[in-house]
1. Which count do you get for residues in segment 437-468 that are assigned to a helix (DSSP H, G or I) and at pLDDT below 95?
2. In segment 324-337, how many residues are buried (at least 19 other Cβ atoms within 10 Å of the Cβ) and more than 21 Å from residue 225 (Cβ to Cβ)?
3. Return yes or no: is residue 319 within 16 Å of the ligand (Cβ to nearest atom), in contact with a strand residue (DSSP E or B) (Cβ under 9 Å, 6 or more places away or on another chain), under 20 Å from residue 372 (Cα atoms) and at pLDDT below 95?
4. Name the single residue, out of those in segment 382-396 being in a helix (DSSP H, G or I) and in contact with a strand residue (DSSP E or B) (Cβ under 6 Å, 6 or more places away or on another chain), that is farthest from the ligand (Cβ to nearest atom).
5. For residue 341, only one of the following conditions fails: (1) in contact (Cβ under 8 Å) with a residue 24 or more places away in the chain; (2) not in a helix (DSSP H, G or I). What is its number?
6. Being surrounded by 19 or more Cβ atoms within 10 Å (Cβ to Cβ) and part of a helix (DSSP H, G or I), is that true of even one residue in segment 25-34?
7. Mind telling me which of the residues 171, 154 ends up being in contact with a strand residue (DSSP E or B) (Cβ under 8 Å, 6 or more places away or on another chain) and either surrounded by 22 or more Cβ atoms within 10 Å (Cβ to Cβ) or within 24 Å of residue 421 (Cβ to Cβ) (or both)?
8. Pick from 411, 435, 420: which is away from the ligand (no atom under 16 Å from the Cβ) and in contact (Cβ under 8 Å) with a residue 24 or more places away in the chain?
Ligand SMILES: *Cc1c(COP(=O)(O)O)cnc(C)c1O
């Protein structure tokens, strides 16, 4: 399978080529040249496979440059009960007989769904770097879940160092403790005296220095990484089969969304032939995606318009994977996609109203809904009293929107994107008690912290990275 850019069909190579690179040279995102599909009979064959086998069948057609046995090995190393907390890896639980289901994706080491893909990336990176005798120094910015998922995935990986920027003092106490208490020689937490956008700007500034980037093997594991998208498609198949529907019957899914990575993986599963009916994009107050799906206009929100909410991992004004969706909506027309993103880049809206593309969006099955802080509190409370189950505020966004769009007789699978323990303050506000914590996180706030505080200054950051890597090189 060959990969191309969404903006010009520039050839980007095979899976392992795009795994380690970020944006395409023309600024676009990597997409497979075509999307393989499963027939109804083939889907029946996948039903009942264990997670790793299913992952192999779903991912294999996209990965032509890792030998079959090696890929099976990588998937077995990744999706283990010890890492994800259960043999099923992603258990599906019915919420009473409401027709709503929770797909549990947060049993991994960082207690959020990002582990599902990031753990695979950790093993896949190690494999490719070993094969090619390379090293990579991952530089990223996080406002919470991505950073810890990346760090837990790269723990102890010999050829990888992680430099993770976070806004000093602005994450939840639990999230700070989760990252900063890691005491590992290849993990560097850097708290920047600034906000999340400053952190992201610093990452961009370092990447803009081609000489520094090449000299220090700077790489990324951000949300546009194709390997992450692909690994996430697997659990849509898994959940669908777990419902035990008759062959061909539709199921709906609802996905708490920010960068559009998770829900795009669902769209990929649908494009591969999985009978998904509606695919709901749930937003919080930062409802840029809701604006598009309800009105036909995509207009990126400037940073100052993005509110800080109680589902912070969805506080995003532009959805970085959205370009992949519009590219498919345009039937793989890269010229059209490049035209749209030239508008986006110039700060102008993309208006699809009255075009054939808007008809294609309507036919895609994607719809959107949004919630407020009060909605989330009420939903957490309702799910607790009706079903005896605590959910986190992001999952609450999804359950609220999923319920609103439920169709009679069609199951609605809501993705649980984090455990409530991660967002104890909001859960306590909703139900008057703190959620339970997995044992390994007891007292995490009291553990010693390893974190470098740096000013919001690119030279200070480069100096720190270079200094640490030079020390390592000298051994
Ligand atoms: C990252 C994240 C999201 C948003 O996922 P996207 O793939 O960026 O749309 C939702 N909920 C939680 C808890 C997250 O960590």
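1. 6
2. The number of residues fulfilling the criteria is 2.
3. yes
4. My answer is 395.
5. All conditions pass for residue 341, except number (2).
6. No; the residues of segment 25-34 include none that is surrounded by 19 or more Cβ atoms within 10 Å (Cβ to Cβ) and part of a helix (DSSP H, G or I).
7. Criteria check complete, one pass: 154.
8. Step by step, each of 411, 435, 420 is checked, and only 411 is away from the ligand (no atom under 16 Å from the Cβ) and in contact (Cβ under 8 Å) with a residue 24 or more places away in the chain.
The values are calculated or read from the model by the stated rules, or taken from the named source; none is laboratory data. Here the structure is a predicted model, which is why all the values come from computation and not from measurement. With ideal geometry, Cβ positions are generated from the backbone for all residues, glycine too; neighbour counts draw on all protein chains shown.
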